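A quick write-up on the structure given underneath.
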Amino acid sequence: MMKKYFLFIGLLFYNALIGQNKSSIDRTAEWGDYYFINGVYEKAIAKYLSLDDKIPDDTRRNLAGAYAKIGDLKKAEKTLQPLVDSNDAAVIDYYRFASYLTENKRLRDEYRRKALKLPIENTIHKADRNFKSPYKLVNLESNTSSSEFGAYLIEDKNNPQLIYAKKQSKKYNRGLKNKIKSKSDIYNLYGASFDADQLKVGEQTPFPQGINSAFQDGPASWDPLTNQFYLTRSSGNFKKKEVIQLDLYVLDYSPSEKKIAQPLNINMIGYSTMHPAVSSTNRRLYFSSDRPGGFGGMDLYYSTILPNNQLSSPINLGPDINTTGDEVFPFVYDEKFLFYSSKLPKGNMKLKLAINTVDIRWDVRTLPNPFNNGSDNFSFYLNQDLDYGFLSSNRPKGKGEDDLYVFRFTPHLKGIKDEYRYNPIDTLIVSSKGVLVNDNKKLLANDPLSGLFPKKATLVQTVKHGSIKFNSNGSFLYKNNAPLREIDSFSYVLSSKYGKSEPVKVLLRRSLVSTDELPKAVQKTFLPIYYNYNETDLLLNYKNRVDAVVASMNANPNMVVEISSFSDCRGKREYNLKLSEQRNQTIINYIRSGIDKPARVFGKGYGEDVVKGNTTKDYLILGGSFNSLVSAKEIRKKLIAIGYQPKIKVNASGMHQVIIDETNSLTAGNKISDDLKNKGIKNWVSPCGCCQLSEEAHQLNRKTEFKIINF
């Protein structure tokens, strides 16, 4: 027997060594992630480094990211190198690694090329079927029976101007060459004031010569940092079948300068370069072009705006955005968000939003109604403060071929109910899976525009059975102080400049390990203990069983156990409750005396309260027993009328019993029964269902059970 005992203990410690090591790594990584998410990079690095070589892939990514955040790109490169050289590298790892290689352009480009061949992970959630868009498109009063498109707002505080393309005025037609052929009307740029409060356009006037020409002009974009004005214009070069070629031009927009547009150095003879969109933050000019080397049709590109206002060589935005069809009319908001229209052969132009993931990789989403319908929708624009926006469309019930539409930016904030599991004796650390993560995913699925502005979470109802540190980014720390409570909760609201959401409830559910998840040796250790009737000296008869529990908890330092004890239903309720509490506390005290971190074991005695089929008392005074609930209710109604308060309960046989009273002794029950009979009320005394159980059944109710809360 002794050899078997030592073998059993050896198995416990062997299994525990593996589990303890993994648990310790996970715990340290969780703290590191929490510091990383909250921008405490030095503490995050310290936690990650304490893991030595046992660092998981996601932790390695964050460690490299933390080094990059504090400006140590060499250490970031060295940290990420093992992952990018493994089979577990993701596409984003290559791009991030390339960004750390500031001194090796050849290797940097090699990793970018490698990453370009891999797909970006699809993170798009399904939209709710019953979601109603909060946006409403308004057809501008200034639209005509012709076409207006390509709205762009020059957000100059002194002279804000709405710029768009409109059919060319007759005074520009005289210079048009007869050999130029166009499939549509020739357009020039027009300007007008815009009343943001009323969403109305003021007087419209064509731009002067220099900005407008005898050729096709528009759409345009403006660089607020350099006051450079970029526009699309037909050039003197012609493509196949003498169709005009579109190029990009630039001019200084200062009032004192003579406005003469100059062609950009990125134009190519024989190919169109058009639809400029300035991103002043990262100094880029986005545009559309059918130049060689693309994916087909018109592709989107960008060039870096150099200090002398020249442009670098164009870079194709890659396969996440560009298709075999046409991608046109780019618009960039806040560097990270790119709106554009995509048109497959024989299809309509659909508005899309591409969210930058890293480098030139994008998470692309098609805008929902009302921005897209069965018509052409293109040339999207939002003002910098996200108050309103424009788009162009030839949708039905418009005024012309293409109309300008305006809308107010009115997103709707709504959170999603979350649930987390906690270990009652340790701190729950929630970082990368904080409450805003699922909220943002669902908001993006329903309304992609909700990703354009910051949101914060604010605690509005705190926890009841512990303490919480809640951060505005949705990460939090929770410490429970009532381990017997299986559920806690708190509520928060999402808020932004557009208002607040309804309170969002978060459930905190105590962890529980299924028996099937435990090693066989541990399963056998934590089987229930059954007692003899009225037995209290537990350690005399069950010491070996409890010693095995102590050994298992010592072998598994992260194990947390709840102990619950019960009695059978015979005897007084108060006595049974006290007896079960005494049994439970005896076992808890013994285990705590033999383990580290005594708080890892806790529990409660429940007496007979949870015994199946039990009632409060041992004897029932019954006024009837019926198959039909209706019949039982009729008898109860008559008893209530003469001053009694009977209850109806269903017994183990499915009969509806009308219980007039209950007692713990047969003598007391008979006395009540006789009094009722003297008043003419039919009744009889019956033992409660539980009391009629066999001794074997009673023994199954006299027990102590173990729940593994954490392992």
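The values are calculated or read from the model by the stated rules, or taken from the named source; none is laboratory data. Keep in mind that what you see is a predicted model, and the values were worked out from it rather than measured. Reconstructed Cβ throughout: ideal geometry from the backbone, glycine too, with neighbour counts over all protein chains shown.
For Asp376, the stated conditions hold: it is at pLDDT 95 or above, over 22 Å from Leu199 (Cα atoms) and either touching a strand residue (DSSP E or B) at 6+ places or on another chain (Cβ under 7 Å) or assigned by TED's automatic domain parsing to the domain that holds Asp334 (or both). One residue is enough: does the range 568-577 have a residue meeting the conditions within 29 Å of Met553 (Cα to Cα), in a helix (DSSP H, G or I) and within 45 Å of the chain's Cα centre (by Cα)? So far as the range 568-577 goes, no, none of its residues is within 29 Å of Met553 (Cα to Cα), in a helix (DSSP H, G or I) and within 45 Å of the chain's Cα centre (by Cα).
Listed by first and then second residue, the pairs with beta-carbon distance under 8 Å, at least 6 apart or on different chains, first residue in the range 500-525 and within 27 Å of Ser552 (Cβ to Cβ), second β-branched (Val, Ile, Thr) and assigned to a helix (DSSP H, G or I), are Gln523/Thr515; Thr525/Val549. One residue is enough: does the range 429-439 have a residue meeting the conditions part of a strand (DSSP E or B), at pLDDT 95 or above and touching a strand residue (DSSP E or B) at 6+ places or on another chain (Cβ under 9 Å)? Yes, that holds for at least one residue. Surrounded by 16 or more Cβ atoms within 10 Å (Cβ to Cβ), without any contact (Cβ under 8 Å) to a residue 40 or more places away in the chain and not in a helix (DSSP H, G or I): is that true of Ile120 in this structure? No, not satisfied. Might you let me know whether the range 305-327 holds any residue that is touching a residue at least 60 places away in the same chain (Cβ under 8 Å) and within 15 Å of Tyr230 (Cα to Cα)? Yes. Of all the listed residues (Tyr530, Tyr478), the sole one being closer than 25 Å to Phe711 by Cβ, touching a strand residue (DSSP E or B) at 6+ places or on another chain (Cβ under 6 Å) and modelled with pLDDT under 95 is Tyr530.
Exactly one residue out of Met298, Met274 is within 13 Å of Ser235 (Cβ to Cβ) and modelled with pLDDT of 90 or more: that is Met274.
If we keep just the residues of the range 507-524 that are of a type in the set (D, E, K, R) and within 22 Å of Ser491 (Cβ to Cβ), which is surrounded by the most Cβ atoms within 10 Å (Cβ to Cβ)? Taking the candidates together, the pick is Arg510. Working carefully through the options Lys442, Lys417, find the one that is buried (at least 17 other Cβ atoms within 10 Å of the Cβ) and over 30 Å from Lys200 (Cα atoms). None of the other options fit; the residue is Lys442.
Can you name every residue in the range 70-95 that is within 23 Å of Ile25 (Cβ to Cβ) and among the charged types (D, E, K, R)? If the condition is that a residue be within 23 Å of Ile25 (Cβ to Cβ) and among the charged types (D, E, K, R), then Lys75, Lys78, Asp85, Asp88, Asp93 are the ones that fit.
Only residues that are under 38 Å from the mean Cα position of the chain (by Cα), within 20 Å of Ala220 (Cβ to Cβ) and assigned to a loop (DSSP other than H, G, I, E, B) were counted in the range 291-322, giving 2. The set of residues in the range 636-661 that are polar (S, T, N, Q) and surrounded by 12 or more Cβ atoms within 10 Å (Cβ to Cβ) comprises Asn651, Gln657.
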